[in-house]
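The values are calculated or read from the model by the stated rules, or taken from the named source; none is laboratory data. Just so we're clear, the structure is a prediction, and the values are computed from it rather than from any experiment. With ideal geometry, Cβ positions are generated from the backbone for all residues, glycine too; neighbour counts draw on all protein chains shown.
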Amino acid sequence: MSSPVAPDETGATDNGDLLPAPSDPRRTSHGRAIREWAVVIVIGLLAALLVRTFLVEMFWIPSGSMEPTLLPGDRVMVFKLTSHYSTGDIVVFRRPPADVSSDKDLIKRVIAGPGQTLRVANCAVYVNGKEIPQPYLPKGWQDPGSPYCTQWATGPGTANLPDPYKVPQGHYFVMGDNRTNSYDSRYWGPLPASYIVGQAFVRLWPPSRIGGL
C-alpha cells in the first residue's frame, strides 16, 4: 500500500495536484462587512426614494402669497397620500396652465371643494351658505378699508367667475392667505384635483417657527 502524498511548501504534491491555500479569516470578515454595508446603503436609498415619491416630500415656499402663515424660504413637509381635501387645508400643486408664474410648484389654501358653492359678501367667505372661519388672515382683515376685505378678484386678468360660484366636480377652489398678493383660483379658475401633489402638514424651517399647519 502506498503512503499518502504530502504537499511541499508551495502547496503542490509530488503528483502535480494543488491544494487550496488556507484562507485569511480577517480578509473574509472584512469582505462580508463591505457587502453588508453596501446592501444596507442600497436599501436605504431605495426606501428614501419610495418615501419621497409616494409618501412625504419637503417643499420650500417661493413667494409671499401665503403670508403671514408661510414666509418666503420656509420649508414645509407635504403628505402625498391624501386623496380628499377640506376647507382650510394647505396644498402643494403643480402650476396650472393658466398661471403665469415661473415656479414649478405652488402652495395655497383650499377654500371650497368639488360641488361646493362659494360666495363672498361683506368681507366674509361662505361655503354652502355657511361662513368659514379664517383665523389665518392678518389681524383686522375685516375692518372697513382693509385691503384684505375684498377677497373676490375683479377686473382684467381675473377668471370672472360668477358669485355665488359652484366648484366643478374634480376641482378645488384655492386662495393664498395673502389675498392682496396671491395669484390663485380667483384669476385662473378652479384647480384640477389631479394637479395636487399633497397636503402641507408641518413647517420644518426655520427652527424658530417649527410647527403644524
In the stretch 67-95, anything surrounded by fewer than 16 Cβ atoms within 10 Å (Cβ to Cβ), in a loop (DSSP other than H, G, I, E, B) and not polar (S, T, N, Q) is listed as Pro68, Leu71, Pro72, Gly73, Leu81, His84, Gly88, Arg95
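Is it true that Val92 is within 16 Å of Tyr172 (Cβ to Cβ) and out of contact with any Leu (no Cβ under 6 Å at 6 or more places or on another chain)?
The answer is yes for Val92.
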Conditions (1) buried (at least 18 other Cβ atoms within 10 Å of the Cβ); (2) under 16 Å from Ala112 (Cα atoms); number of the one not met by Arg203:
(2)
Considering every residue within the stretch 142-157, establish whether at least one is part of a strand (DSSP E or B) and either without any contact (Cβ under 8 Å) to a residue 24 or more places away in the chain or surrounded by 17 or more Cβ atoms within 10 Å (Cβ to Cβ) (or both).
no
If a residue must be modelled with pLDDT under 90, surrounded by 15 or more Cβ atoms within 10 Å (Cβ to Cβ) and not in a strand (DSSP E or B), how many such residues does the stretch 104-133 contain?
1
Residue check: is Ser101 polar (S, T, N, Q), surrounded by fewer than 16 Cβ atoms within 10 Å (Cβ to Cβ) and either touching a Ser or Thr at 6+ places or on another chain (Cβ under 9 Å) or part of a strand (DSSP E or B) (or both)?
yes
Picked from the stretch 158-188 (must be among the hydroxyl-bearing types (Ser, Thr, Tyr) and buried (at least 22 other Cβ atoms within 10 Å of the Cβ)), the residue nearest to Gly88 (Cα to Cα) is Tyr172
Could you check Lys130 against (1) on the phi < 0 side of the Ramachandran plot; (2) in contact (Cβ under 8 Å) with a residue 12 or more places away in the chain and say which number it fails?
(2)
